[in-house]
Amino acid sequence: MPQPTRPFGSWRRKFRFEKELLEARQHADKRIPSGPPHLSLADVETRLNMHQYSGLFDNEGGPAIPTESPSETLRVPSGIIDRPGSSHSASSNIEWNAVGPAGTAKTGRVIHNLQEEIARLTRECKLQRLRAEEEQQTNDTLKLQLSHVTDRLHNAEQLHEADLLSITRKDRKIEELKSEIEKERIKRIKSEEDAKRTNQIAAEAKDMHTRTITEAQEIAAQSKVQYEAIAKAHTRTLAETQMRMNRFKKEIADIGLREAERQKQLSRLDAIIAQKNKEIEAERQRMQKYVAMFEEFKQESERTVRELANRGRQNDEKIDQVLEEANESVQKLKWANNLRDTMRSEN
């Protein structure tokens, strides 16, 4: 009997491939920084140093500006600022406007605008970090759900393997029962042949007995002495024949009883086979139900993977846009620095 097919093997390989693909995509998402990009402006001072001495630009309530190394900060001409103690007397000889020295008014406005742009980018980066954390929580939840579904699928596969083993044992038992039925059929055929031979022997014995009686009657008519001898022989032969007939009848009755018992066994085996067929049909329906459940889960997993891929693509586009704006800000700061150096060289 051919072994039942195992469709779960190919599905299990396909599901393992989809799981590895999902893990690879999640690993690629993890390689993207979860927080917003950090802007490093090591070559430009984002604020003028003159407010530290003139008192016109206080830093109350504003964000703290990291202190750069002396080589990276803006150098103020020595004629304006020499030391903190003499700042008031030095600055009294220079014209000032609303944002600083009159010569750097445009540069101060540009730097002020850049500071506002940096603050806005910082807020957007924080918002992107919060969104990335929400996406990470969603990914963790989906990982947990995928783990649960994988465990359920593993349990279903184990049940399927157990069912296949049970079906194999039942098929082997059915084969054994079929072999026993074949043996019983051979025995029944042999018994029928024995019964035919017995009937033939009985018919031959009956014919012989009839001939013997006829011969005895003919001999009795010829001679009384011969009649008595033949009568004795006939009586003895009749007794033996009767004993044989009784023995043959008993054997035939025993054969009939055995045949009836075999018929009962065959009926019981037919009932067992019908019950096993019902059980096999029930197992087949259960397997079809498992297959339908697996297909539904597979479609849901594919839809989830597509949604995650779309979200990751959108996040990449947003991050690229923020980085591009940050690069533009850096270029503007460099331009402002070059402009300041040019103005300083002209002065």
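Some values worked out for this structure:
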{"quantity": "Neighbourhood net charge (11 Å Cβ-Cβ; Lys/Arg +1, Asp/Glu -1) for GLU192", "calculated": "+3"}
{"quantity": "Unit charges at the beta carbon, dipole of region 126-232: most positive-side option, THR214, THR138, SER166", "calculated": "THR214"}
{"quantity": "All lysines inside 25 Å of LYS224 as judged from Cα atoms, apart from same-chain residues fewer than 8 positions distant", "calculated": "LYS232"}
{"quantity": "Cβ-based charge dipole, region 273-327, positive-most Cα from MET293, LEU308, ILE273", "calculated": "ILE273"}
{"quantity": "Estimated FRET transfer efficiency (GLU300, ASN155; beta-carbon r; R0 22 Å; 0.05)", "calculated": "0.75"}
{"quantity": "Selected from ALA156, GLN115, SER223, residue furthest toward positive end of dipole (region 107-229; charges at beta carbon)", "calculated": "GLN115"}
{"quantity": "Contour excess over end-to-end distance, with Cα ends at PHE248 and LYS334 and 0.36 nm allotted per residue", "calculated": "18.3 nm"}
{"quantity": "Simple Cβ-charge dipole of region 155-239, Lys/Arg +1 and Asp/Glu -1, about Cα centre, in debye nearest 20", "calculated": "480"}
{"quantity": "Per-residue HN-Hα couplings for region 154-170 [Karplus 6.51, -1.76, 1.60; θ = phi - 60°; Hz; x = Gly/Pro]", "calculated": "4, 4, 5, 5, 4, 4, 5, 4, 4, 5, 5, 5, 4, 5, 4, 4, 5"}
{"quantity": "Entries of LYS170/LYS190; LYS187/LYS250; LYS178/LYS250 with Cα pairs more than 22 Å apart", "calculated": "LYS170/LYS190; LYS178/LYS250"}
{"quantity": "Region 255-298: Lys pairs at Cα distance under 30 angstrom, eight or more positions apart or on different chains", "calculated": "5"}
{"quantity": "Label-point gap, in nm, between SER147 and GLN200 - each point 7 angstrom along Cα→Cβ", "calculated": "8.2"}
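All of the numbers you see were taken from the coordinates with simple rules; none came from a lab. As the structure is a prediction and not an experimental result, all values here were calculated from the model. Neighbour counts run over all protein chains shown; Cβ positions are idealised from the backbone, glycine included.
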